[in-house]
Amino acid sequence: QVQLVESGGGLVQPGGSLNLSCTTSGSIFSRYVMGWYRQAPGKQRESVAVIDSGGSTNYADPVKGRFTISRDNAKNTVYLQMNSLQFEDTAVYYCNAVLGLMRYWGQGTQVTVSS
């Protein structure tokens, strides 16, 4: 069983930045497609950013140009650098790992954008 542990969430003012981290267990991290998702109160969980095993990335339109996903295979860690945060970015952010039919989720980390 793969375990994913997120960190880095918190309270930030509009326009501020946060850097989320997700560290996974296991020895095949480099093969996973890693993603960040978020779920705001009363809304469905949505994809934010994805990075595949080759380093190719994809972003949801609302975060393009503001968020950057990256991975460090030596540390089994995926990051989400979030800049120019907006009220609408408030949500629980979840880390996701996919390999074939296997899909794993972290427990989530709260990001709150408030003045």
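The values are calculated or read from the model by the stated rules, or taken from the named source; none is laboratory data. Note that the coordinates shown come from a computational prediction; the quantities given were computed from them, not determined experimentally. All Cβ positions, even for glycine, are placed from backbone atoms using ideal geometry, and neighbour counts span all protein chains on display. Just so you know, the surface numbers come from the protein's heavy atoms only, side chains and all, with ligands and any DNA or RNA stripped out. Shrake-Rupley method; radii C 1.70, N 1.55, O 1.52, S 1.80 Å.
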Counting only residues that are part of a strand (DSSP E or B) and either hydroxyl-bearing (S, T, Y) or within 19 Å of F87 (Cβ to Cβ) (or both), the stretch 40-54 contains a total of 3
Can you tell me which residues in the stretch 65-98 are open to solvent by less than 10 Å² (accessible area, probe 1.4 Å), under 15 Å from Q110 (Cβ atoms) and either assigned to a strand (DSSP E or B) or of a type in the set (D, E) (or both)?
L80, M82, D89, A91, Y93, C95
Please name all residue pairs, on different chains or six or more residues apart, with Cβ atoms under 6 Å, provided the first residue is in the stretch 55-69 and is without any contact (Cβ under 8 Å) to a residue 12 or more places away in the chain and the second residue is surrounded by 14 or more Cβ atoms within 10 Å (Cβ to Cβ).
N58/V50; Y59/A49
So how many residues does the stretch 41-59 have that are exposed (fewer than 14 other Cβ atoms within 10 Å of the Cβ) and more than 14 Å from the chain's Cα centre (by Cα)?
7
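Regarding T109, is this residue without any contact (Cβ under 8 Å) to a residue 24 or more places away in the chain and either under 18 Å from G16 (Cα atoms) or open to solvent by less than 40 Å² (accessible area, probe 1.4 Å) (or both)?
Details: without any contact (Cβ under 8 Å) to a residue 24 or more places away in the chain: no; either under 18 Å from G16 (Cα atoms) or open to solvent by less than 40 Å² (accessible area, probe 1.4 Å) (or both): yes.
Judged against the criteria, T109 is not a match.
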Hey, could you check the stretch 1-39 for residues that are assigned to a loop (DSSP other than H, G, I, E, B) and closer than 12 Å to W105 by Cβ and say which is most open to solvent (accessible area, probe 1.4 Å)?
Q1
